[in-house]
Amino acid sequence: MTVPTSPQAVDKVLELPSGKTATIFKSKGFNIRQAQKLSGDDTSLYMNALMAQLVQIDGNFLVMEDYDQMDGTDYMAIRAAVSENFTPLVSKT
């Protein structure tokens, strides 16, 4: 998997239910494109591919398959935090 080598700004840091620390970086178009490429036709892999590029757990990036073995409460906390940035904006009129 390709992880961008240029430093990205930290979006948020959260303590996971397991006590580990997740650092979530701001995304770039490159990250979204890479996640689409890595997940291919299997849309269920998209979030894992995106999280693998944007999240460090205790200072380390994981490969997307590692998220399948992660404790469910940690996984959902990370997924929710990453998803917040991709919720469509609704115009208030």
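The values are calculated or read from the model by the stated rules, or taken from the named source; none is laboratory data. Just so it is clear, the model here is predicted, and its values are computed rather than measured. Only protein heavy atoms, including side chains, enter the accessible area calculation; ligands, DNA and RNA are left aside. Shrake-Rupley method; radii C 1.70, N 1.55, O 1.52, S 1.80 Å.
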With θ set to phi - 60° and the Karplus curve 6.51 cos²θ - 1.76 cosθ + 1.60, what are the ³J(HN,Hα) couplings of segment 44-60 in order, to the nearest whole Hz, using x for Gly and Pro?
5, 8, 4, 5, 4, 5, 5, 4, 4, 8, 10, 10, 10, 10, 6, x, 10
Karplus-derived 3J(HN,Hα), 6.51/-1.76/1.60, for each residue of segment 17-34, Hz, glycine and proline x:
x, 6, x, 6, 10, 9, 9, 10, 9, 5, 8, 10, x, 4, 5, 5, 4, 5
Could you do me a favour and compute the accessible area per residue for segment 11-93, 1.4 Å probe, result in Å²?
61 Å²
